1. For the range 25-35, which positions are outside any strand (DSSP E or B) and touching a helix residue (DSSP H, G or I) at 6+ places or on another chain (Cβ under 8 Å)?
2. Among the residues of the range 45-100, how many are on the phi < 0 side of the Ramachandran plot and not in a loop (DSSP other than H, G, I, E, B)?
3. Which of the residues that make up the range 13-30 are touching a residue at least 40 places away in the same chain (Cβ under 8 Å) and farther than 24 Å from ILE44 by Cα?
4. How many residues, within the range 4-56, are modelled with pLDDT of 95 or more and among the aliphatic types (A, V, I, L, M)?
Amino acid sequence: MCVSCVKVEFPDRATVCLDSGSYMLNYAGCHQCGKKQIAIVNGITTEEDEDDDEETITYEHICQGCSHVVANHEHVFRVEDGYQIYSMYCLLCGRGDDERCILPCDPNGPRTDVAELD
């Protein structure tokens, strides 16, 4: 991972959890060659056993010009106690966590971070 290629290390992305793509607004450009184009390579999806209900997606952000590794990206999805839980950890894309209730009625009450539709 290269801290010289990003504007902010591990920016706080609140509930944003990317399982693909790149946060280009945080990309300063390749420290080695100066180009501002990124490719995603070495993508791996792993699923834990059926009882765990967890999936992890990892990949690398690299410079398209010189193949310099900018960042390693990790996205985790799991189901736990009636909730879908997402997390993201990446030098370029940042840190994010989110959870969504999959039950007919959320035991924690309505979400307050989402605007209501009329």
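The values are calculated or read from the model by the stated rules, or taken from the named source; none is laboratory data. All of these numbers come straight from a predicted model, not from anything done at the bench. Note: ideal-geometry Cβ built from the backbone for every residue, glycine included; neighbour counts use all protein chains shown. Ligands, DNA and RNA are excluded from the accessible area calculation, which covers all protein heavy atoms including side chains. Shrake-Rupley method; radii C 1.70, N 1.55, O 1.52, S 1.80 Å.
1. Selection gives ALA28, GLY29, CYS30, HIS31.
2. 39
3. Of everything in the range 13-30, just one residue is touching a residue at least 40 places away in the same chain (Cβ under 8 Å) and farther than 24 Å from ILE44 by Cα, namely ALA14.
4. 9
Okay, residues lined up against (1) open to solvent by less than 40 Å² (accessible area, probe 1.4 Å); (2) under 30 Å from ARG100 (Cβ atoms):
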position	(1), (2)
GLY21	yes, yes
TYR27	yes, yes
GLN37	no, no
ASN42	no, yes
THR45	no, yes
ASP53	no, yes
THR58	no, yes
